[in-house]
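One structure below.
The values are calculated or read from the model by the stated rules, or taken from the named source; none is laboratory data. None of these values were measured; they are calculated from a predicted model. Here the Cβ is made from the backbone with ideal geometry for all residues, glycine too, and neighbour counts use every protein chain on show.
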Amino acid sequence: MFSVFKNTWLRARKPLIFWCLALFLWCLAELSLFKSLISSGGMDRMLDSMMGNMPPLLKQMFFRMDLVTAPGYFNARLLSLTLPLVLIIHGISLGNAAIAGEEQHGQLDLLLSNPLSRTGYYLGRLLAMVSMQMLLVGVFYLTCVLFAPVLGVEFKGAHLLDAFSSVFLLALTASTLALMVGSLVPHSGVVMGTASVILLASYLLNAAAPVNPDLKVLQSFSVFYYYNDTLPIKNGLDASSALVLVAIAVVLSGIGLMRFNSRDLSK
């Protein structure tokens with residue numbers, strides 16, 4: 001298991017460096033932009049232009065906190081959609097590459113011809129996947145913590161660690177979903193498409209439910225409901241919501257492991 005973990009990290013180290021650098025620069029840019037908008041009074045003009053004729057659905061989705069504060073700005077601009085979307089895409093690619101990608105390229109048989117069990121291989125890839133996602137979320141979090149004071153941005157009263165922990169759990173759900181689908185079918189395109197469609201439907205359900213009574217009863221079936229509905233950056237991480245996301249990731253991983261151990265692999 002640990003040999004697979006180490007090998008996965010060695011193969012992914014260069015892309016991970018670029019991912020970390022990109023997230024670091026992105027966070028710095030957002031901190032600088034917020035400081036610039038506040039200092040120049042541009043935030044008021046931006047809000048007037050954006051909020052004037054905005055439909056209630058979009059206001060509910062993105063503008064649930066005061067945007068003149070750093071926590072509110074980060075929640076609307078990053079945590080509501082863009083940062084989770086980027087990390088979900090990365091998570092799906094990790095889960096897809098772990099089994100379906102290796103199998104489709106004819107690598108999996110070669111790897112399992114070594115003295116390595118399927119369970120050991122699966123758990124090694126899962127552990128590597130989780131640690132890589134923790135690294136990327138950690139880079140963004142640490143950039144906020146270390147550079148916000150330097151740039152004069154205050155996150156007073158914000159629960160930054162809770163907010164980014166919730167982002168990590170959502171990304172983990174996406175990656176384990178892709179890993180599970182990859183354990184069922186040996187086709188990368190099917191894995192990417194299936195995981196993307198499921199998560200998109202989940203997002204749209206959670207976004208539309210607050211303004212559609214017919215969908216309100218279904219909102220709890222969306223993973224995004226447990227991700228940011230309680231506003232972790234403002235109120236802290238809700239333990240029950242976090243446990244639901246962890247449970248989903250564990251169940252998806254377990255189903256994937258059972259199927260991976262039982263089916264014939266593609267030649």
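Quick notes on this one:
- Leu161 fulfils the conditions (1) in contact with a helix residue (DSSP H, G or I) (Cβ under 6 Å, 6 or more places away or on another chain); (2) touching a residue at least 12 places away in the same chain (Cβ under 8 Å) except for a single criterion, (1).
- Filter result for the condition that a residue is closer than 21 Å to Asn261 by Cα and modelled with pLDDT of 75 or more, over Thr82, Thr119, Thr69: Thr119
- Taken over the stretch 241-267, the criterion of being hydroxyl-bearing (Ser, Thr, Tyr) and in contact (Cβ under 8 Å) with a residue 12 or more places away in the chain is satisfied by Ser241, Ser253, Ser266.
- Cβ-Cβ under 6 Å pairs, at least 6 apart or on other chains, the stretch 170-197 side closer than 25 Å to Leu237 by Cα, far side acidic (Asp, Glu) and crowded, with 24+ Cβ neighbours inside 10 Å: none
- Odd one out for Leu110, checked against (1) surrounded by fewer than 22 Cβ atoms within 10 Å (Cβ to Cβ); (2) assigned to a helix (DSSP H, G or I); (3) touching a Leu at 6+ places or on another chain (Cβ under 9 Å); (4) not aromatic (Phe, Trp, Tyr): (3)
- Screening Ser188, Ser175, Ser220 for residues that are modelled with pLDDT under 95, among the polar types (S, T, N, Q) and buried (at least 16 other Cβ atoms within 10 Å of the Cβ) leaves exactly one candidate, Ser188.
- You will find that of Lys35, Lys14, the residue that is part of a helix (DSSP H, G or I), at pLDDT 75 or above, more than 18 Å from Val130 (Cβ to Cβ) and in contact with a Gly (Cβ under 7 Å, 6 or more places away or on another chain) is Lys35 and no other.
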